[in-house]
Amino acid sequence: MHLLQDQEPTDLERLTGLTRRHFLGAGALGGAALFLGGSLLARSVNGAVGSGTLLGFDGIPAATADSISLPPGYQAKVLISWGQPLHTDGPAFDPSGNGSAAHQEAQFGDNNDGMSLFAFKNDPNRALLAINNEYTNYRYLYAHGGRPQSAEEVRKALASEGVSVIEVHRQDGHWQFVQGSPYNRRIHGNTPIAFSGPAAGHALLKTAADPQGLKVLGTFQNCANGKTPWGTYLTCEENFSDCFGSTNAAHAFDAAQKRYGASAASKEVDWHPHDPRFDMAHNPNEFNRHGWIVEIDPFDPASTPIKRTALGRFKHENAALAQTRDGRAVVYMGDDERGEFIYKFVSRDRVNSGQRDILDHGTLYVARFDAGSQHKGQGQWLELTHGEHGLDAGNGFASQADVLIHARLAASQRQATRMDRPEWIVVSPSDGQVYCTLTNNSKRGEDGQPVGGPNPRARNIYGQILRWREQGDDHGAMTFEWDLFAVAGNPSVHAGQPEGGSANITAQNMFNSPDGLGFDDAGRLWILTDGDTSNNGDFAGMGNNQMLCADPHSGEIRRFMVGPVGCEVTGISFAPDQRSLFVGIQHPGENGGSTFPEHLPGGKPRSSVMVISRTDGGIIGA
Ligand code: FEO
Ligand code: CA
Ligand code: CA
């Protein structure tokens, strides 16, 4: 029970002894449901009894085991694991860490993250999965378990990241990886990729190896994803700046490089001592060629991926696609860094215009959230167009390319709202509301980041889930209303607000650091976590990282899955019939203590994509 100090109880609250949740939308939803001890008491705001919950399973307890926990009647199977060969004659996974870079380039990448499923139109039992491989763990990648010591070892690390495209078949109701499919493909940190859009060919993208600034080697640190209505995959480059360093320890980085996180020490990735491409003392512009969204055609294994510069450069988490009322493409995007921003891109052309370069022409906006009361308010989209609102040469922006390459600086110029680390954004298929995880922010309240609005807690260790509704339910609108759907917390350790969390957080479903998000076709909201798994102190009782499921209408949240030791649960996609759920287990045993999923004595843990199904073949979550 977490009654806000400034909130008077309503008649219904007095009646039930429960508090109205402050995260309810400003009239956005038809019914407010309250729940008591885990069982839903569905009532509309006017007191009428509603039709119950979308959640058809019993929530499960927190767990700390090196295994996957699910509700009764559900099962999990491995679809594919790090190192599995994609081709029939491919090199087998070598748990010793002695496998070569060339081997890794032909194997499933490491630390799988966001993924999208592409169904074959003429066969319901065939699909492609495009799966991001975000980063690698040297502890397991190399036999010596430390940082790379040669160019070959850097190449192996680059080979472990990027994207894996795989074919999957359904046989007897179960989806399986098809080794040897001609669609199977690795796109990795050395794959040739093209630039397009307003920044392509700009001086800041030119290097000695690419004097025209039009071709780049590789994509890496591929966090989450998007799927376009025209059937392509978007992979989002996130922590790229960790991969750059300088062999000159006294290197003087300029303000833009610093804003993007450049440092001589390269955050322990250490590619730059062995591959000059990542050494900013010699190749400063290579840094500008990463931090983009890359478009991939999964059905054409010979196609060249394209970095779409009109979407802006920052630490991209994912890309959530929507459409304006008049049929133009909208891409919602978060920049996952403390105090960075939420963006949206609106295309110039309609999705059905037949053009293949929809994402090259349009307008980029950044969000400003105005604080209202009780964790809700209004907001505006601020345009990031060269020549307008101070985005001009006098402020360091000589062209639209400058605005896009340094989108963070442009957004600051427009005084956008500094957020608590925006992670995934998803759009509800039921009512078009947009949800975004703000995973945590230890610096909120410091560093010029005010406490309030959608970022309501100083030293925010638990995170929250923000949502907004665009004016007139049009994704092309320039204003919106927002509220907080959930404020994570620990009601067992902290009585009351703010650390106890919002009223839909209980001792039975508590979690921290919401990160991945996904909607199924019925409008259930799936929440994946990447948090503190110490199960101690502020986090006591939360156990390992997990996946929960929420009913957006009632606000109820139940824990659906718990992952193995040390993992993050990230990446989610549903089979078209909603009877199989693909979910990623990333970095099990990140700091040791896991042999998931094979549990071989002395074996290595392996990041894996799992397929969840019901033993009765039913719809997941129903
Ligand atoms: Fe790759 Fe912000 O998570
Ligand atoms: Ca994430
Ligand atoms: Ca995270």
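The values are calculated or read from the model by the stated rules, or taken from the named source; none is laboratory data. It should be emphasised that the depicted structure is a prediction, and the values quoted were computed from it without experimental measurement. Cβ sites come from the backbone with ideal geometry, for glycine too, and all protein chains shown count toward neighbours.
What number of residues in the range 546-592 are surrounded by fewer than 24 Cβ atoms within 10 Å (Cβ to Cβ), on the phi > 0 side of the Ramachandran plot and not small (Gly, Ala, Ser)? So the count comes out to 1. Residue count for the range 243-255 under the criterion of being surrounded by fewer than 21 Cβ atoms within 10 Å (Cβ to Cβ) and part of a helix (DSSP H, G or I): the result is 1.
Restricting attention to the range 553-582, and to residues there that are in a strand (DSSP E or B) and within 16 Å of ligand 3 (Cβ to nearest atom), which single residue is nearest to ASN125 (Cα to Cα)? Among those that are in a strand (DSSP E or B) and within 16 Å of ligand 3 (Cβ to nearest atom), it is ILE572. Scanning the range 292-336 for residues that are aromatic (Phe, Trp, Tyr) and part of a strand (DSSP E or B) yields one hit, TYR332. Among the residues of the range 338-368, those that are within 16 Å of ligand 3 (Cβ to nearest atom) and either of a type in the set (Gly, Ala, Ser) or in contact with a Phe, Trp or Tyr (Cβ under 8 Å, 6 or more places away or on another chain) (or both) comprise GLY339, GLU340, ILE342. Taking every residue in the range 325-336 that is within 16 Å of ligand 3 (Cβ to nearest atom) and pairing it with any residue that is part of a strand (DSSP E or B) and of a type in the set (Gly, Ala, Ser), at least 6 positions away or on another chain, the pairs with Cβ-Cβ distances below 8 Å are MET333/ALA319; MET333/ALA320. Considered as a group, the residues in the range 363-379 that are more than 17 Å from ILE425 (Cβ to Cβ) and in a strand (DSSP E or B) include one that is modelled with the lowest pLDDT, and that residue is ALA371.
Of the set (1) surrounded by fewer than 17 Cβ atoms within 10 Å (Cβ to Cβ); (2) among the basic types (Lys, Arg); (3) under 15 Å from THR235 (Cβ atoms), all apply to LYS307 but (1). State yes or no: is ASN441 modelled with pLDDT of 95 or more and closer than 16 Å to ARG368 by Cβ? No; evaluated as a whole, the condition is false for this residue. ASP515 meets all of the listed conditions (1) acidic (Asp, Glu); (2) more than 16 Å from ligand 1 (Cβ to nearest atom); (3) assigned to a strand (DSSP E or B) but one, namely (2). If only residues of the range 86-140 that are under 24 Å from the mean Cα position of the chain (by Cα) and small (Gly, Ala, Ser) are counted, the one that is nearest to GLU237 (Cα to Cα) is GLY114.
For the range 269-278, the condition of being in a strand (DSSP E or B), aliphatic (A, V, I, L, M) and within 16 Å of ligand 1 (Cβ to nearest atom) holds for none of the residues. Taking the conditions exactly as written (in a loop (DSSP other than H, G, I, E, B) and out of contact with any Ser or Thr (no Cβ under 6 Å at 6 or more places or on another chain)), does SER412 satisfy them or not? Criteria not met by SER412. Out of ALA507, ALA495, ALA458, one residue alone is at pLDDT below 95 and more than 16 Å from ligand 3 (Cβ to nearest atom). It is ALA495. Taking the condition among the charged types (D, E, K, R), in a loop (DSSP other than H, G, I, E, B) and over 24 Å from the mean Cα position of the chain (by Cα), does ARG155 pass? The answer is no for ARG155. When ALA407, ALA319 are screened for being surrounded by 24 or more Cβ atoms within 10 Å (Cβ to Cβ), within 16 Å of ligand 2 (Cβ to nearest atom) and small (Gly, Ala, Ser), only ALA319 passes.
Any residue at all in the range 530-552 that is in contact (Cβ under 8 Å) with a residue 60 or more places away in the chain, in a strand (DSSP E or B) and over 17 Å from the mean Cα position of the chain (by Cα)? Yes, because at least one residue in the range 530-552 is in contact (Cβ under 8 Å) with a residue 60 or more places away in the chain, in a strand (DSSP E or B) and over 17 Å from the mean Cα position of the chain (by Cα). Criterion applied to ASP532, ASP515, ASP538 was being in contact with a Phe, Trp or Tyr (Cβ under 7 Å, 6 or more places away or on another chain) and surrounded by fewer than 18 Cβ atoms within 10 Å (Cβ to Cβ), and the one residue passing it is ASP532. All conditions in (1) touching a strand residue (DSSP E or B) at 6+ places or on another chain (Cβ under 6 Å); (2) away from ligand 2 (no atom under 16 Å from the Cβ); (3) polar (S, T, N, Q) hold for ASN283, with the sole exception of (1). Residues that are hydroxyl-bearing (Ser, Thr, Tyr), surrounded by 20 or more Cβ atoms within 10 Å (Cβ to Cβ) and either more than 16 Å from ligand 1 (Cβ to nearest atom) or without any contact (Cβ under 8 Å) to a residue 12 or more places away in the chain (or both) within the range 337-357 comprise just one, SER347.
The set of residues from the range 511-534 being within 16 Å of ligand 3 (Cβ to nearest atom) and on the phi > 0 side of the Ramachandran plot comprises just one member, SER513. Remark: pairs (first residue in the range 470-481, closer than 17 Å to VAL426 by Cα; second residue of a type in the set (Val, Ile, Thr) and part of a loop (DSSP other than H, G, I, E, B); Cβ separation under 7 Å; 6+ apart in sequence or on different chains) = ASP474/THR324; HIS475/THR324; GLY476/THR324. Taken together, the residues in the range 419-446 that are more than 16 Å from ligand 1 (Cβ to nearest atom), under 29 Å from ASP254 (Cβ atoms) and touching a residue at least 60 places away in the same chain (Cβ under 8 Å) amount to 1.
Restricted to the range 199-228, and to residues that are in a loop (DSSP other than H, G, I, E, B) and under 15 Å from the mean Cα position of the chain (by Cα), which residue is nearest to ligand 2 (Cβ to nearest atom)? Ranking the candidates gives GLN221 first.
Considering only the range 130-152, state which residues are assigned to a loop (DSSP other than H, G, I, E, B) and among the small types (Gly, Ala, Ser). Answer for the range 130-152, where residues must be assigned to a loop (DSSP other than H, G, I, E, B) and among the small types (Gly, Ala, Ser): ALA143, GLY145, GLY146, SER150. When ASN490 is tested against (1) more than 16 Å from ligand 3 (Cβ to nearest atom); (2) part of a strand (DSSP E or B); (3) under 24 Å from ILE60 (Cβ atoms), exactly one condition is not met: (2).
Considering (1) more than 21 Å from the chain's Cα centre (by Cα); (2) surrounded by fewer than 16 Cβ atoms within 10 Å (Cβ to Cβ); (3) touching a residue at least 24 places away in the same chain (Cβ under 8 Å), the lone condition that GLY231 does not fulfil carries the number (1). The residue list ASP123, ASP89 contains one member that is charged (D, E, K, R), at pLDDT below 95 and assigned to a loop (DSSP other than H, G, I, E, B), which is ASP89.
In the set ARG185, ARG170, only one residue is in contact with a Pro (Cβ under 6 Å, 6 or more places away or on another chain), away from ligand 3 (no atom under 16 Å from the Cβ) and at pLDDT 95 or above; that residue is ARG185.
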